[in-house]
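Asker: Pasting a structure here, questions to come.
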Ligand SMILES: Cc1cc2nc3c(=O)[nH]c(=O)nc-3n(C[C@H](O)[C@H](O)[C@H](O)COP(=O)(O)OP(=O)(O)OC[C@H]3O[C@@H](n4cnc5c(N)ncnc54)[C@H](O)[C@@H]3O)c2cc1C
């Protein structure tokens, strides 16, 4: 064999939904593995056709708001990696094709990535293993490692309340301290044209944005710093149900979903805030909400493919069809129910909708429009800037009564809700006029 045919060894760190250098367990493990093997470390991300260019139930899987936030986050990540002497390699094909492309210039000895969150990622990781890759998968998006949970995953509590109580009862259980940025080895630019460069110029320009929602870690940290300084956290519990308004709820979900910020960092900052400014129901409540996210992440893993079937993880037969006209009215914000129509128009125009509004439009789709809940979940997937597979499909299944709800579904009184949370009708007028 001639010297120029000997390829350098490389550890690939596959960055899926953890787009940051700090508190990134997979990146830390990949850097350590690369050092141990004296191999290159290649941070790789894939703009996979099954996500970026596919449809489900007739809706795009990655809509403009999500794509834009993702692009901003990837470009910011690339810049952060370059500051460390490394860079980000980006491929537009499936993961296995991307790895073949990478293998043209290096010998991939290991792939390190996040613990799969849902079926697609699980199958993808399984495919890597069957193609002969050594795969290391680590919890990167959660507060707790599986080993820390006070129960075996097969015994995951059936409801959020039981989950939360089990977690809170174990006093020794707290999220590990966020990890520092690891030392990264030098890496040259990817040996094929970078799709980020031309994608950054195109797409999603027509979308109105919620002005403070900009992708990337720096933007997320700056926003979060402003939130903490405003002391909004001390009143969070009273304001978080509002339909709109800066700092009414935390607005952290886009940065958490794209992995620009980690839940453990937010948790640690809330504890530090409590130590400095005092703890109250509101400061606790943000951590309570992060536990909802945590619950849905583990619930998604346990449910696997059942999360996406109509009868859901709980295997309950529910009504709901695919009536095209009713669906179009819901999608267009033309149901005749003002709070639903205003919320749907906001979602389509901006990619954002408050938690309260998400519950109300879901209730309408399922119980008033009589549609299959998965149409709503797919539409949200196409439009939410903060789309997260576990939180989205888990919440939809919950409201539809096929998920982890002890009451077997949630039907909201829409008029009462609108009167309570938008008493002057300001939010509704903004989007209906
Ligand atoms: C039908 C439906 C679909 C949803 N789809 C998504 C989704 O795709 N991505 C997503 O991140 N959230 C989703 N949620 C949960 C929730 O609505 C959003 O996380 C929240 O509105 C984001 O705003 P915020 O960051 O200001 O949240 P806050 O109310 O300030 O909460 C703080 C954080 O806690 C977490 N959180 C709060 N409520 C929930 C919840 N019910 N489930 C899971 N995590 C929660 C989020 O990470 C959030 O950023 C959905 C809820 C419903 C009812």
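Values quoted throughout were computed directly from the atomic coordinates according to the rules given, and no laboratory measurement underlies them. Small disclaimer: the values here were computed from a predicted structure and weren't measured. Glycine also receives a Cβ, built like all others from the backbone with ideal geometry; neighbour counts cover every protein chain displayed.
Asker: Which peptide among 148-155, 347-354 comes first, and what is the full order, when sorted by highest mean count of other Cβ atoms within 10 Å?
Answerer: Values: 148-155: 12.5, 347-354: 21.9.
By packing density, highest mean first, the sequence is 347-354, 148-155.
Asker: Using the Kirkwood formula over every pair of different C-alpha atoms, what hydrodynamic radius in Å results for the chain?
Answerer: On the way: mean 1/r = 0.0440 Å⁻¹.
The Cα-based Kirkwood calculation yields 22.7 Å.
Asker: Mind checking the full-extension length gain between residue 97 and residue 246? Use 0.36 nm per residue of separation minus the Cα-Cα distance, one decimal, nm. Before the final figure, lay out the partial values.
Answerer: Numbers: separation 149, 0.36 × 149 = 53.64 nm, distance 4.24 nm.
This chain segment gains 49.4 nm when fully extended.
Asker: Between residue 212 and residue 429, what is 0.36 nm times their sequence separation minus the Cα-Cα distance? Round to one decimal in nm.
Answerer: Length gained between residue 212 and residue 429: 75.9 nm.
Asker: Using alpha-carbon positions, what is the distance between the centroids of the range 396-429 and the range 214-279, in Å?
Answerer: Using only Cα atoms to place each centre, the spacing works out to 24 Å.
Asker: Here's another thing I want to ask about it. Taking 0.36 nm per intervening residue step and subtracting the Cα-Cα distance, what contour gain separates residue 239 from residue 154 on full extension?
Answerer: In short, 27.0 nm is gained.
Asker: As a test of the formula, what do you get for the chain when each DSSP H run with n ≥ 4 contributes -39,500 (n - 2.57) and the sum is divided by the residue count, at 222 nm and rounded to the nearest 500 deg cm²/dmol?
Answerer: So the helix-based figure for the chain works out to -14000 deg cm²/dmol.
Asker: Shifting gears a bit: What residues of the range 83-117 lie in the reach of a label at residue 136, counting those whose backbone N is under 16 Å from a point 7 Å from the Cα along Cα→Cβ?
Answerer: What the label zone holds, given the 16 Å backbone N cut-off, is 108-116.
Asker: Summarise the long-distance tail of P(r) for the range 1-88 by giving the % of C-alpha pairs beyond 18 Å. Let's see the in-between values first.
Answerer: On the way: 2082 of 3828 pairs.
The answer is 54 percent, as a whole percent.
Asker: Throw me the Rg/Rh for the range 310-432, computed over C-alpha atoms with Kirkwood Rh, two decimals.
Answerer: Details: Rg = 13.6 Å, Rh = 14.4 Å.
Taking Rg over the Kirkwood Rh, I get 0.95.
Asker: Considering only DSSP beta bridges whose two residues both sit in the chain, what percent are antiparallel, to the nearest 5? It would help to have the intermediate numbers written out before the result.
Answerer: On the way: 2 of 20 bridges.
Roughly 10 percent of the beta bridges in the chain run antiparallel, per DSSP.
Asker: Right, something else. Using a Förster distance of 30 Å, how high is the FRET efficiency between residue 109 and residue 83, based on the Cβ-Cβ distance and rounded to 0.05?
Answerer: After rounding to 0.05, the efficiency reads 0.70.
Asker: Something else: Give me the percent relative contact order of the range 197-311, please, defined on Cα pairs under 8 angstrom at least 6 residues apart.
Answerer: The normalised contact order for the range 197-311 reaches 25 percent.
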